[in-house]
1. Please work out which residue is nearest to residue 319 (Cα to Cα), limiting yourself to the stretch 343-371 and to residues that are surrounded by fewer than 18 Cβ atoms within 10 Å (Cβ to Cβ) and within 33 Å of the chain's Cα centre (by Cα).
2. Considering 367, 378, which residue is at pLDDT below 95 and in a helix (DSSP H, G or I)?
3. Residue check: is residue 41 in a helix (DSSP H, G or I) and without any contact (Cβ under 8 Å) to a residue 60 or more places away in the chain?
4. Do we find a residue being over 19 Å from the mean Cα position of the chain (by Cα) and either in contact (Cβ under 8 Å) with a residue 12 or more places away in the chain or assigned to a loop (DSSP other than H, G, I, E, B) (or both) anywhere in the stretch 209-216?
5. Could you list, in sequence order, the residues of the stretch 87-111 that are crowded, with 20+ Cβ neighbours inside 10 Å, assigned to a helix (DSSP H, G or I) and out of contact with any strand residue (DSSP E or B) (no Cβ under 6 Å at 6 or more places or on another chain)?
6. Of these, 287, 255, 283, which one is farther than 13 Å from residue 96 by Cα and either surrounded by fewer than 18 Cβ atoms within 10 Å (Cβ to Cβ) or touching a helix residue (DSSP H, G or I) at 6+ places or on another chain (Cβ under 6 Å) (or both)?
7. Going by the conditions given, is residue 235 buried (at least 19 other Cβ atoms within 10 Å of the Cβ) and farther than 25 Å from residue 40 by Cα?
8. Can you name every residue in the stretch 14-35 that is surrounded by fewer than 17 Cβ atoms within 10 Å (Cβ to Cβ) and in a helix (DSSP H, G or I)?
């Protein structure tokens, strides 16, 4: 078998099926990434969504018998929305990050990998492959970096020369001995714009992220958002694009190669107040196809409540009072109480005092107290 020719054939086929970039690397251990992951764990910087076993995340031979190479792919996604609706007073809107526009990227990238897998199987019957997109054991970024897809930026994203960091990543381990590609040299230079712009200071140093304070991860949590981050969420419903939009390497990068990635404006920038009333079925119907729905409606609704407080949207007060009085989820009731305090007004204050008298959950009572504290500070001021 001429593996150099097979590699060229795979590259050619990848272009035919719409893969924007492809690279090959060895299946050697990811030693540098292992050290970084150990350090992240020691510092408590992990998000909690990662695969738990660091050995399996960095040693392909622990998750695949006799690996010989890894193929990495990248699909470029749009950074600009056509006909984006504008929010206004009385009709405020939230925003999903660009990586959650269009159909769930896990589905799209896996489809491309499966097409590659079938193509390789046709040519090498004994070929074995293991496909991964984001939720696999390996660290996509480490594979992509070593395979020459791009370099690992100070914002912890893979940055490609062709598409910036607006790319979805996926990979497959194989038992075929492909020649590895050369990694791309770091091109961030002295630039620190992403670190300077991070709303919460989650980029603690170049290439190191504290996920516990990263808005992208906070918006996916299901608990109360810590007080110090609530106002910094802004109107983000899922994810955060700040460290990408500020990056000079992303200037002018906007690719519309894949129709399935085009956002539905009413999904990517939905009205906030209707979100508070969505049933599980309605949530699945409206948002089920996008990656930002993977944690269910609760985080999205909590973030919508914070966004209404961010806008100080007075028209939302009756909706928030209904949530405070009737929602069965403490995190949602409590966040509504805090937001009512931020928005202010006599109606909000009366609702908080009423809730204080009847609420049984201590966490919600704590949030009601915070909401009422805003009124006390206003009186003192």
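1. Ranking the candidates gives 344 first.
2. Working: 367 fails: at pLDDT below 95.
Result: 378 is the single residue among 367, 378 that is at pLDDT below 95 and in a helix (DSSP H, G or I).
3. Against the criterion (in a helix (DSSP H, G or I) and without any contact (Cβ under 8 Å) to a residue 60 or more places away in the chain), residue 41 qualifies.
4. No, the conditions are met nowhere in the stretch 209-216.
5. Taking the stretch 87-111 as the starting set, the residues that turn out to be crowded, with 20+ Cβ neighbours inside 10 Å are 92-102, 105, 108-109.
Restricting the remaining residues to those that are assigned to a helix (DSSP H, G or I) gives 98-100, 105, 108-109.
Residues satisfying the conditions are 98, 99, 108.
6. 283
7. Values: buried (at least 19 other Cβ atoms within 10 Å of the Cβ): no; farther than 25 Å from residue 40 by Cα: yes.
Spelling it out, it is not the case that residue 235 is buried (at least 19 other Cβ atoms within 10 Å of the Cβ) and farther than 25 Å from residue 40 by Cα.
8. Of everything in the stretch 14-35, those that are surrounded by fewer than 17 Cβ atoms within 10 Å (Cβ to Cβ) and in a helix (DSSP H, G or I) turn out to be 15, 16, 31, 32, 35.
The values are calculated or read from the model by the stated rules, or taken from the named source; none is laboratory data. These figures come from a predicted structure and were not determined experimentally. Cβ atoms come from the backbone with ideal geometry, glycine included; neighbour counts cover every protein chain shown.
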